[in-house]
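Trainee: I'd like to ask you about the structure that follows.
The values are calculated or read from the model by the stated rules, or taken from the named source; none is laboratory data. The shown structure was predicted, so the numbers you read here are calculated from the model rather than taken from an experiment. Cβ placement follows ideal geometry from the backbone for every residue including glycine, while neighbour counts extend to all protein chains displayed. Accessible surface areas use protein heavy atoms only, side chains included; no ligands, DNA or RNA. Shrake-Rupley method; radii C 1.70, N 1.55, O 1.52, S 1.80 Å.
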Amino acid sequence: MPQVRIVARNFMDMVAALPAAKLDKLYDSSFICEAVLRSLPPLAKKYVLQMLFLDSSLAAKSMEEWVLPDGLSKHKVAIDRLLQLRVFMEVNDRKKEPSYKMNQKFQSNMQKYLTTGGTLPREPMPLNAAVRLPSVVELETYAMEQWESFLLQLINSSQVDKSTSFSSSMMRAFQRGLLNSSRDNEAPRLTENGFQFLLMETNAQLWYIIREYISSAEERGMDPTDLISFLLELSFHTTGEAYSVNTLTEVQRLAIKDLADLGLVKYLQGRKEALFMPTKLATNLSVSLSDASSRKEGFVVVETNFRMYAYSSSRLHCEILRLFSRIEYQLPNLIVGAITKESLYNAFENGITAEQIVSFLQQNAHPRVAEKMPTVPENVTDQIRLWEADRNRVEMTPSHLYEDFPSKDLFEACCDFARDYGGLLWQDTKKMRLIVKGELHQQMRDFLRGQR
């Protein structure tokens, strides 16, 4: 997707932004240390493993000798990332030259993990539990249905039929920047960022919501560090396995219900105890946003006559397509619409760009057309861009028209005055008419009064 104003950052960027004390607290868990190691660039991983059993610091110049001259840029990226995550600490040696030493907590936990192995804080429940466990396919379907319901509620859609248990204050935190504040009895409307948010991939949307959820944790009496630790822990659980809620802390029990509303886990109530099952949304939390394996199958077919067929029963898909197309009718598993000049102009008015629309159609192309080049007909993509360029060709400027001047001298004096202030937009000397910028109107009025 093109760059948008909403920045859905990688999980490790959120970890790196934590204060030093909270970041060090995270490294008390060997699984957090492993998650951080997995997220590092290849060269940074190599540096960690080379220095893992080295107790003393190592000079920065010595480390530069580990790479060839053409690899210095990658070396700098690796070192910067290690310093951001406080895996490496920068110290000065006796000669006051920069050196690097590994974070003691990180080093100690990774040494134990590599030599003795690691075990999760909780073990999966046995298969003979007194509750029927959904299959992996059913779990994935559940996750997407939950996420869809949450998004529909987030944008105040009339299509939502199942509300989440999030408090109104929590939903307002999620909606901050996506919906404008309602006045009187007027329903909130999507902002420019809100429209862009809906066109983002599921992983990018998830990062945005998770970031808002963590950033507002302290308002709910939770420690953001504990939440990040638990979310990273979940990424090491096995999809399709059930775990006991009794193994969770009080903060984690509160969080697990919120995560169930988002579709990251499925909450099950057994006869004796409650269970939870992580979904792919949770186990992919440590996956990069650009990881192609996390992309879902497409559903849209666009024809050269601008007709659009979406093979989906999703209400959310219908809402998204309605942002830039005219929906004509909807069958149980098919949405039929058309991309028109009017529907695109509405999208452009709401801040959606032609590139975002084209990118959405390409990324969500049906498998039958996804293998073709191009996946969306060129005449359609070209026309979308042309309509945007045509709309952007005309720029609206607030202005005022002045006419019926009593003399040519006064007309020319007004023209000179407006020109001197940079506010003259147009003049007709023959008919003695001129147009000036709106912000100059009051000054023009004062000038005219002074000429009388």
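Trainee: Give the residues of segment 136-147 that are touching a Lys or Arg at 6+ places or on another chain (Cβ under 7 Å) and not hydrophobic (A, V, I, L, M, F, W, C), sorted by residue number.
Mentor: Within segment 136-147, 140, 142 qualify.
Trainee: Please state which one of 208, 243, 267, 213 is under 16 Å from residue 150 (Cβ atoms) and over 23 Å from the mean Cα position of the chain (by Cα).
Mentor: 267
Trainee: Now for a separate question. Could you run through segment 233-257 and say how many residues are closer than 16 Å to residue 222 by Cβ and in contact with a helix residue (DSSP H, G or I) (Cβ under 7 Å, 6 or more places away or on another chain)?
Mentor: So the count comes out to 8.
Trainee: Going by the structure shown, is residue 110 at pLDDT 90 or above and among the hydrophobic types (A, V, I, L, M, F, W, C)?
Mentor: yes
Trainee: Okay, next question. So how many residues does segment 249-264 have that are in contact with a Lys or Arg (Cβ under 9 Å, 6 or more places away or on another chain) and either free of Cβ contacts under 8 Å to residues at least 40 places away in the same chain or more than 24 Å from residue 211 (Cα to Cα) (or both)?
Mentor: Selection size over segment 249-264: 1.
Trainee: State yes or no: is residue 358 out of contact with any His (no Cβ under 7 Å at 6 or more places or on another chain), assigned to a helix (DSSP H, G or I), among the aliphatic types (A, V, I, L, M) and open to solvent by less than 90 Å² (accessible area, probe 1.4 Å)?
Mentor: Judged against the criteria, residue 358 is a match.
Trainee: Let me ask something else. Pull out all pairs, ordered by first then second residue, where Cβ-Cβ is under 8 Å, the residues are six or more apart or on different chains, the first lies in segment 352-378 and is under 12 Å from residue 302 (Cβ atoms) and free of Cβ contacts under 8 Å to residues at least 24 places away in the same chain, and the second is open to solvent by less than 20 Å² (accessible area, probe 1.4 Å) and not in a helix (DSSP H, G or I).
Mentor: Pairs that qualify, where the first residue is under 12 Å from residue 302 (Cβ atoms) and free of Cβ contacts under 8 Å to residues at least 24 places away in the same chain and the partner is open to solvent by less than 20 Å² (accessible area, probe 1.4 Å) and not in a helix (DSSP H, G or I), are 362/376; 375/365.
Trainee: Suppose the filter is within 25 Å of residue 134 (Cα to Cα), within 22 Å of the chain's Cα centre (by Cα) and assigned to a helix (DSSP H, G or I); does residue 198 pass it?
Mentor: In short, no.
Residues checked against (1) open to solvent by 30 Å² or more (accessible area, probe 1.4 Å); (2) among the small types (Gly, Ala, Ser); (3) within 20 Å of residue 136 (Cβ to Cβ); (4) free of Cβ contacts under 8 Å to residues at least 40 places away in the same chain:
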residue	(1), (2), (3), (4)
231	no, no, no, no
238	yes, no, yes, no
268	no, no, yes, no
273	yes, no, no, yes
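Trainee: Which residues, taken from segment 290-304, are surrounded by fewer than 17 Cβ atoms within 10 Å (Cβ to Cβ) and either at pLDDT below 90 or aliphatic (A, V, I, L, M) (or both)?
Mentor: 290, 291, 292, 293, 294, 295, 296, 297
Trainee: Taking segment 417-439 as the region of interest, how many residues are free of Cβ contacts under 8 Å to residues at least 24 places away in the same chain and either in contact with a Ser or Thr (Cβ under 8 Å, 6 or more places away or on another chain) or open to solvent by less than 80 Å² (accessible area, probe 1.4 Å) (or both)?
Mentor: Number satisfying all stated conditions: 6.
Trainee: For residue 393, state whether it is among the basic types (Lys, Arg), within 26 Å of residue 196 (Cβ to Cβ), in contact (Cβ under 8 Å) with a residue 24 or more places away in the chain and open to solvent by 30 Å² or more (accessible area, probe 1.4 Å).
Mentor: No, not satisfied.
Trainee: Within segment 17-42, can you find the residues that are part of a helix (DSSP H, G or I), buried (at least 18 other Cβ atoms within 10 Å of the Cβ) and not charged (D, E, K, R)?
Mentor: Within segment 17-42, 23, 26, 30, 31, 32, 33, 35, 36, 37, 39 qualify.
Trainee: Restricting to segment 366-396, and then to whatever is in contact with a strand residue (DSSP E or B) (Cβ under 6 Å, 6 or more places away or on another chain) and of a type in the set (A, V, I, L, M, F, W, C), can you tell me which residue is modelled with the lowest pLDDT?
Mentor: 369
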